[in-house]
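What follows is a short report on a single structure.
Just so you know, all these numbers are worked out from the coordinates, no wet-lab data involved. Worth saying up front: this structure is predicted, and the values here are computed from it rather than measured. Cβ placement follows ideal geometry from the backbone for every residue including glycine, while neighbour counts extend to all protein chains displayed.
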């Protein structure tokens, strides 16, 4: 599926303008994963890392709206409301997934 | 060039920031009431905060030719205690007649709790009673999608609130379409790491249009950039967006929405 052509720049110009910036971000991500591997501790249980792994698959699936779909993947899918925040004000950036990551 | 930053927390910024914003073309800002990074111990703390927003900050901004307007509420992070929140809300009507108050905000949700929703509904009722504009804070990160929908449902449950008088802020790619489709205004916040970058804001304008949408910095006490609105203008310009479109999202649209309050008389 191809995306509507709403960007006013040509593809060549998009690459010329943004390639270096996103090359650097990609290497940052790779270095982060390397750092995680080199660190002591359990490497199987963190829901944020599981979500990040799922998100990287979206990058390569060739479908449009990758940013939207990754944001949805990181989002709380539930509809229940807890009574209170129990002293928690912050957010973690991902939601604990169940059933093998689905 | 001229621009409006319609969401920035100047109480947390230095006077140098006012100077740099003026030099970059800022002519007006609006400052919603928000969380100070810690919970205030009594409603009196909010009384002093509201005085700072309505009396002191407009003077500090005026030194640099910037008009300063504000919004009042108890923010969602301190709104998880309905009893405390109602005490704070009881002092808000005393400030609504101040000449720089535009409405109720930034109200909304933080962790999407029942307590927060009770306080949100009280704020919506307060806005309805006093015919005020509403500025909405949507939750952070994993809580945003769910919270944005709950907030819109709560506002729509009050049939007398016109969604055209409500701006839903901090939209991203997964919430912007639904906000606009339901008739609300949308705000894109240019904030490092947790919200939009100038590049993504330009992407969103390209994908969803430039109607009923604005950009803001939400600069505050965290790592944030009070010059992010002019940086987004530069990003749009380098892509080839028209001068009229850039002016629309960074000046005309804020002026149109905010101008629904007669006190916002920026030309």
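Diffusion coefficient (Stokes-Einstein, Kirkwood radius over C-alpha pairs, 20 °C, 1.002 mPa s) for chain A: 127 µm²/s, rounded to a whole number. Counting beta carbons within 10 Å around each of A:32, B:50 and listing the fewest first gives the order A:32, B:50.
Shielding by partners for peptide A:80-92, expressed as the average number of C-beta atoms from other protein chains within 10 Å of each residue's C-beta, is 6. Within the protein assembly as shown, the ratio Rg/Rh, alpha carbon atoms throughout and Rh by Kirkwood, equals 0.96.
Which residues does a label at residue A:89 reach in region B:26-50, if reach means a backbone N under 18 Å from a point 7 Å past the Cα toward the Cβ? Correct set: B:32-50.
Ordering of A:88-96, B:69-77 by packing is B:69-77, A:88-96, highest average first (other Cβ atoms within 10 Å, averaged per residue).
Once the Cα atoms are used to define both axes, helix A:11-38 deviates from the longest principal axis of chain A by about 30 degrees. In terms of the mean number of neighbouring beta-carbon atoms within 10 Å, the peptides B:59-65, B:257-263 order highest first as B:257-263, B:59-65. Put simply, when A:60-69, A:5-14 are sorted by average Cβ atoms within 10 angstrom per residue, most first, you get A:60-69, A:5-14. Taking other Cβ atoms within 10 Å as a rough exposure proxy, B:107, B:29, B:213, B:66 sort from fewest to most as B:66, B:213, B:29, B:107. Counting, for every residue in B:73-82, the Cβ atoms of other protein chains within 10 Å of its Cβ and taking the mean gives 2. Once the convex hull of all Cα atoms in chain B is built, its volume per residue stands at 110 Å³. Across peptide B:110-123, the average count of Cβ atoms from other chains found within 10 Å of a residue's Cβ is 3. Taking 7 Å along the Cα-to-C-beta vector as the label spot, tell me the residue B:260-residue A:80 distance in nanometres, rounded to one decimal. Spacing of the two 7 Å Cα→Cβ label points: 3.6 nm. The fewest-to-most ranking of B:35, B:185 by surrounding Cβ atoms within 10 Å reads B:35, B:185.
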